1. What's the exposure ranking of 38, 56, going from fewest to most Cβ atoms within 10 Å?
2. Please rank 68, 53, 40, fewest neighbouring Cβ atoms within 10 Å first, as an exposure proxy.
3. More than 14 Å apart: what percent of Cα pairs in the range 1-54 qualify?
4. Could you grab the relative contact order for the range 2-108? Cα pairs under 8 Å, six or more apart, rounded to a whole percent.
5. Going by C-beta contacts inside 10 Å, put 93, 48, 36 in order with the fewest on the left.
6. Residues in the range 52-69, backbone N under 14 Å from the label point at residue 90 (7 Å along the Cα-to-beta-carbon vector): list them, ranges by number please.
7. Once you place label points 7 Å from the Cα toward the Cβ at residue 24 and residue 103, how far apart are they in nm?
């Protein structure tokens with residue numbers, strides 16, 4: 001689970017900095033406390049589904065990009081996939097999310 005939280009923390013901070021946004025600005029846009037943003041970026045907190053959606057909206061990215069990292073959705077088929085992934089992830093427990101992310105990362109490394 002620690003790897004997932006660390007990757008998420010890195011992705012949030014990277015996107016916030018890319019948008020030249022302070023932690024306070026992100027907190028205001030995502031309707032969370034500055035302490036929450038700090039805890040997320042320091043890998044001490046993993047957000048609930050609702051906070052994840054608010055964070056991704058404030059950071060102008062799809063939630064999957066914060067969870068997985070370098071994924072870009074370019075066409076309609078990809079956008080349908082992103083919807084399915086987000087819906088599937090919202091019903092998972094934190095442990096199930098960790099396993100699912102590990103599986104997706106493992107599959108992406110296979111050259112087929």
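Only the coordinates and a few stated rules stand behind these numbers; no lab work does. Keep in mind that this is a model prediction, so the values were computed, not measured. Because the Cβ atoms are built from the backbone with ideal geometry, glycine has one as well, and the counts that use them run over all protein chains shown.
1. Lowest count first: 38, 56.
2. 53, 68, 40
3. Value for the range 1-54: 48 percent of Cα pairs lie more than 14 Å apart.
4. 28 percent
5. Listed from fewest to most nearby Cβ atoms, that is 93, 48, 36.
6. 52-57, 63-64
7. 4.4 nm
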